[in-house]
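The values are calculated or read from the model by the stated rules, or taken from the named source; none is laboratory data. Quick caveat: nothing in here was measured; it's all calculated off a predicted structure. Neighbour counts run over all protein chains shown; Cβ positions are idealised from the backbone, glycine included.
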């Protein structure tokens, strides 16, 4: 930023005050969402780690897809959930086939399918489901949960704007990271370097998260005025027209023939999922979600009628700008457009974002301390929130693994216990780091010992847990050694 | 081929960061170094887009640049001697009630006021922009949270509460009224 473009000191101070206020009000919630979101990037891998016993399906051709859809529909019909059936085909990253059936009221149930297309009970991955819901809604009932998360995304956006504008030394300190001296300086350097260098990522994730969370509310408001209250028209403009209801009975669509027709139109097309709307009626529609490599949307939607006649494509890859943006939102938010390597990149950048939030509050608290207004209890509470979350998530996973207990009560019990205890425990950070190390190590070892079959993904996650445990123990050991070092003459006191 | 292109692209990003760092150190060849860094980044972008297409290549360039830069910064971390913290005590600060009241009003009021204004602008865009339905909706959908965040920053950073709030409410009323008139 040039000197002329730099805001005055007064404006900077006000922007910093704004930045701090957003941090104080929303900091803890932003932290919860960032941490769970970073982990949710690899939720498919966690599901395979948690339930390696689910049937593995490495590929699904037209015949298997057709058979699986028919079997899934039969089971859904028996359960009176046959309004719409969704079939997720296996992908290289997630070699599982699942079916979801929905009735007209929105009640639903899921199943797994094996390599022969037979429907088997869903291998429920409780902890992974908990993690996904935690990030999506914070477990608050619909529609408020997702709106709250959207609002948190917006507050993160506001924080990014004010933080960027208030950063007077954006170029001067661009490559500096000072560590080990003043705690405030170290945290400020880390906060600013992560904040500035990964700004495009933070901005994209916050914006897409905000829109995904508030989409139903925003579309409702926009439709009220711009579409004269016709919400269905607004939704159809983006997501495509729904099937036209015609309840007269019709034969189940020949999915194998439809997939072959797709292959004729686009040779080598890989079907990622199938959606059957108003099944076995004359108004039925088949939507094939087809992989679209080289596009951010990751997939294109092809629609066919019940007789296998091609109706059209949604246009996620080559339609108008609006539909293409719609298709990009989820892949851009969760990093699902570039395979496992990109997921790891997203995980690292997401954890960076989590660190950004954690250090933000630490800077505020350290500044109070430097000003002689130390707030010991709030420092401990913040440490309890930051270092307590990994403990709560790990204990929830241990509970699911050992006792099949539901993850949600375990998570909240641990979180609240840590929050209540933290103001009274002097070394809360050290205690929680030790507990994290123990919990991660125990989880990794127990999972290795108890869960069969051992998969590559499972082995990788268990190894990662053991590495985390070792890393935390090393960190604690290093700190203890450093604390025992004699104070050198001339060492500055602050 | 894709793997090779990706590796070369990461190398180009690393070179770009290195050149940027050299320019940052106030080397006398600063302009040349900055130009070199820019060229290296353009090559990285070209390689990513060649390997994965333009849509995927652009975010990949930005994301890998962030990681490469941070790894570089970590490799140049300045370790400092630990410092003993001496407790300092400031004289108790007398906080006026006004400050708390102001903070509460700011905290509670900034969000809704900013939301109303940003929604007004979004609705006006969705109503009047000469674009396809889906494009108008999606762009308005992206505008609303972005403007909401920016407007919240504006209100929270303002010394005077009334002025920005009144301004934003004015924007909301004008834009929504215009949208309603246009629709009718």
Flag if residue A:61 is modelled with pLDDT under 95, more than 14 Å from chain B (Cβ to nearest Cβ) and on the phi > 0 side of the Ramachandran plot: no
Mind checking which residues of region A:189-242 are free of Cβ contacts under 8 Å to residues at least 40 places away in the same chain, within 25 Å of residue B:177 (Cβ to Cβ) and more than 9 Å from every other protein chain (Cβ to nearest Cβ)? A:220, A:229, A:230, A:231
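One line per residue, one yes/no per condition, for (1) crowded, with 21+ Cβ neighbours inside 10 Å; (2) more than 30 Å from residue B:116 (Cα to Cα); (3) in contact with a helix residue (DSSP H, G or I) (Cβ under 9 Å, 6 or more places away or on another chain):
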residue	(1), (2), (3)
A:136	no, no, yes
A:154	yes, no, yes
A:162	yes, no, yes
A:170	no, yes, yes
A:180	no, yes, yes
A:187	yes, yes, yes
A:231	no, no, yes
Taking residue A:21, is it touching a helix residue (DSSP H, G or I) at 6+ places or on another chain (Cβ under 9 Å) and modelled with pLDDT of 85 or more? no
How about region A:1-82: which helices (runs of 4 or more DSSP H) wholly inside it have at least 3 residues that are in contact (Cβ under 8 Å) with a residue 40 or more places away in the chain and under 25 Å from residue A:454 (Cβ atoms)? A:43-50
Going residue by residue through region B:8-23, is there one that turns out to be at pLDDT below 95, within 28 Å of the chain's Cα centre (by Cα) and exposed (fewer than 15 other Cβ atoms within 10 Å of the Cβ)? no
Looking only at region A:311-325, which residues are touching a residue at least 24 places away in the same chain (Cβ under 8 Å) and within 17 Å of residue A:273 (Cα to Cα)? A:314, A:316, A:317
Give me the pairs, please: first residue somewhere in region A:263-276 and more than 10 Å from residue A:291 (Cβ to Cβ), second residue anywhere and surrounded by fewer than 18 Cβ atoms within 10 Å (Cβ to Cβ), beta-carbon distance under 6 Å, and either six or more positions apart or on two chains. A:263/A:269
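Residue by residue, here is whether (1) farther than 23 Å from residue A:42 by Cα; (2) within 13 Å of another protein chain (Cβ to nearest Cβ); (3) assigned to a strand (DSSP E or B) holds:
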{"site": "A:301", "(1), (2), (3)": "yes, no, yes"}
{"site": "A:308", "(1), (2), (3)": "yes, no, no"}
{"site": "A:316", "(1), (2), (3)": "yes, yes, no"}
{"site": "A:319", "(1), (2), (3)": "yes, yes, no"}
{"site": "A:322", "(1), (2), (3)": "yes, yes, no"}
{"site": "A:326", "(1), (2), (3)": "no, yes, no"}
{"site": "A:332", "(1), (2), (3)": "no, yes, no"}
Taking the conditions exactly as written (assigned by TED's automatic domain parsing to the domain that holds residue A:96, modelled with pLDDT under 95, under 30 Å from residue A:70 (Cα atoms) and not in a helix (DSSP H, G or I)), does residue A:116 satisfy them or not? yes
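On the basis of being at pLDDT 95 or above, assigned to a helix (DSSP H, G or I) and in contact with a helix residue (DSSP H, G or I) (Cβ under 6 Å, 6 or more places away or on another chain), does residue B:44 make the cut?
Values: at pLDDT 95 or above: yes; assigned to a helix (DSSP H, G or I): yes; in contact with a helix residue (DSSP H, G or I) (Cβ under 6 Å, 6 or more places away or on another chain): yes.
Judged against the criteria, residue B:44 is a match.
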So residue A:379 ticks every box in (1) surrounded by 15 or more Cβ atoms within 10 Å (Cβ to Cβ); (2) free of Cβ contacts under 8 Å to residues at least 12 places away in the same chain; (3) in the same structural domain as residue A:468 (by TED's automatic domain parsing) but one. Which box is left unticked? (2)
Going through region B:47-77 one residue at a time, which ones are more than 24 Å from the chain's Cα centre (by Cα), surrounded by 14 or more Cβ atoms within 10 Å (Cβ to Cβ) and assigned to a helix (DSSP H, G or I)? B:47, B:50, B:51, B:52
Could you tell me whether any residue of region A:251-258 is in contact (Cβ under 8 Å) with a residue 24 or more places away in the chain, surrounded by fewer than 22 Cβ atoms within 10 Å (Cβ to Cβ), assigned by TED's automatic domain parsing to the domain that holds residue A:64 and more than 22 Å from residue A:89 (Cβ to Cβ)? yes
I need a count of the residues in region B:154-181 that are surrounded by fewer than 16 Cβ atoms within 10 Å (Cβ to Cβ), facing chain A (nearest Cβ under 9 Å) and modelled with pLDDT under 85. 1
